[in-house]
Structures are given as structure tokens and as C-alpha cells.
Amino acid sequence: MSDRAASMRVAEEEGVRVPETHALHSVDDLKKWVERMGLPTVLKANGTSGGDGVRVVRTMKEAELAFQALQAPPLIARALKRAVIDHNWSLVQPSLLRRRSVVNAQKFVDGCEGTSVVVCWEGAVLASLHFEVIQKRDAAGHATVVRFMENEEMSDAASRIARRLRLSGIHGLDFMLEADTRKPYMIEINPRVTQLCHLTLGLGHDVPAALLEALSGKTVAPSPKLTDHDTIALFPQEWIRDPQSSFLRSAYQDVPWQEPGLMEACVRSSRKQRGWHRPGKSMDAKQRSS
């Protein structure tokens, strides 16, 4: 599933709505794609996550520069920083071997983003969560505020993918919700835990409980519903993005108040986070979210 074009072909074969996606091997391939599909278009590098390897380009010059940047091997300094600070070693080998990334072009879908978390076992979906992305860290970054929703087409797409790939474990699916029709287009399959999978939002929407039940073979009662608010501000992502965000007052704040050690670890994990944390601030925010 690290091959973005291949994963979209699988989805299309299963009847899932996807934007056309093709691997590009040269600038000539890129030019032919733009001539056929037009601009804007989306360029994505294989083996990346969190928006790091995604560019939305609106001119041919932007497209060529983005293609070259996405194809280039990771800088050694960046790979070392990711390994030492973030404990993520995925860039070290391609950086040392100077391995170029495969870049894919994907048809641009005008609309807002949607995202799903599913827990599967041997091809069956056991529990799921579907969200509309309301706010993001930046244009290509991860979500900081989401709105929980029911979406039959996203659920059906998840079931088709899980069955075809015989998935087990937790996976994330990303969508674009078309502006005019709200129809979901699947744009990515992520074979990993995502930042939303811990949210327990009612019957059929408790991912941890469903996974534990599958692994243990024992009945596991789902956790109480976390909130009746459909809009959720993620911690510490939205606090970092904008400490004055209106969502910190209007939305449910996903803050682990009962785990002060975890909160402190989040605060200590980066200089940027320490910038918004100060004594007394956590209690003020807790009072606003109650």
C-alpha cells in the first residue's frame, strides 16, 4: 500500500470512487499528464505520510519544481532529525543510499477532506470512524479539528478495501468530499494507526475495543461515548496551530486530563509545544471544554 498508484487501482477495481492516479517517471511524463488532465493537479511521493510528500500545484513551473523536490532523496540532516527527534527511521535508508522516490500524479478534486479509521480482522470491518476535516495544521498537513459523521459511501469503500486486501488491524483511509455533490473520492490508504483511532464515539465506533475483542477472542464492552459534540479539537494539534482558536471554546477538546504525565510528555516533546504551554493554562482550557 506504499505504492499510491497501485492502491488506487485496487480501489477502482473494487468499485470505489477514486480520482485518476498515475506514476510519473520524468518531467516529460508530468507535462503529458498536465496536458491531458489540466491544472491544478496533485503530486504525491510514495513512502511519505502526514502531508510531507504531497503538493497541490497550479502552474507548470510549480509542477516541475514540486516533481523534482518530491523525487529527490531525503537530505541526510532531515533523515537524522526525523530519526533522533521523532524516532522515525523511515528516511534513513533512502537518504544514505540516495534513493529517489516514485512520484504520482492524482487528479485534483475540488472540495473538503474526509478521513476514516477502520479496525479490520481477516477482511471484515469491525468498527469505524468517519470524519470531515474542518481545520488543518497547514494546506498539506494533518487535521487539527474534525467533525464526526455517518457516511454510507465511505463505510462501503472501507468494507470493499478491507475485503479485497484481507486487512487486519487498524487502517486509515483518506477522501476528498466533492464540493458540489459531497460524493467521497478515496485518495489514500494508510496501513497504520492514525491520530483519531482512540476516539470512542458509540456503538460500532470504538476501535480499541473492537481490536481487543478480535485479538483476545473475548467479549469486550465498548467504552462510554466520549462526547455528544460532533466537532472535536485534537490535542495538542489545535493548541499548537492557534492557541486562540475559536474551536478551543466551541468544540470538544480531546485532552487527556486524567493523564497528567501524558500531557506533560506532549508538552516536552517539542519546542513549539512549550511555546503555548504555561502554568495555569491547562486548567483554564479544561474549564472551557467541560
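The values are calculated or read from the model by the stated rules, or taken from the named source; none is laboratory data. Not measured: the values here are computed from a predicted model. Cβ placement follows ideal geometry from the backbone for every residue including glycine, while neighbour counts extend to all protein chains displayed.
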Subset of the stretch 124-169 (residues that are crowded, with 18+ Cβ neighbours inside 10 Å, within 16 Å of R241 (Cβ to Cβ), in contact with a helix residue (DSSP H, G or I) (Cβ under 6 Å, 6 or more places away or on another chain) and of a type outside the set (A, V, I, L, M)): T144
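Could you say whether any residue in the stretch 87-104 is at pLDDT 95 or above, within 19 Å of the chain's Cα centre (by Cα) and on the phi < 0 side of the Ramachandran plot? So that I can check it myself, show each step before the final result.
To start, the set of residues in the stretch 87-104 that are at pLDDT 95 or above comprises 103-104.
Filter once more, keeping what is within 19 Å of the chain's Cα centre (by Cα): 103-104.
Keeping just the survivors that are on the phi < 0 side of the Ramachandran plot gives 103-104.
So far as the stretch 87-104 goes, yes, one or more of its residues are at pLDDT 95 or above, within 19 Å of the chain's Cα centre (by Cα) and on the phi < 0 side of the Ramachandran plot.
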Looking at the stretch 149-168, can you tell me whether even one residue there is in a strand (DSSP E or B), touching a residue at least 12 places away in the same chain (Cβ under 8 Å) and within 22 Å of K183 (Cβ to Cβ)? no
Would you please list the contacts, defined by Cβ atoms under 9 Å and residues six or more apart or on different chains, that run from a residue in the stretch 228-243 that is over 15 Å from V255 (Cβ atoms) to a residue that is not hydrophobic (A, V, I, L, M, F, W, C)? D228/Y252; D230/R147; D230/Y252; D242/Q135; D242/T144
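Select the helices (runs of 4 or more DSSP H) contained entirely in the stretch 43-97, then report the ones holding at least 2 residues which are touching a residue at least 60 places away in the same chain (Cβ under 8 Å), in the same structural domain as D29 (by TED's automatic domain parsing) and touching a strand residue (DSSP E or B) at 6+ places or on another chain (Cβ under 7 Å).
Values: elements: 60-71, 76-86, 92-96.
Output list is empty.
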Give the stretch 120-148 a look and list any residue that's more than 18 Å from E178 (Cβ to Cβ), under 13 Å from the mean Cα position of the chain (by Cα) and of a type in the set (V, I, T), or say none. T144, V145, V146
Only residues that are part of a loop (DSSP other than H, G, I, E, B), closer than 17 Å to V117 by Cβ and out of contact with any helix residue (DSSP H, G or I) (no Cβ under 6 Å at 6 or more places or on another chain): list them for the stretch 206-222, please. D206
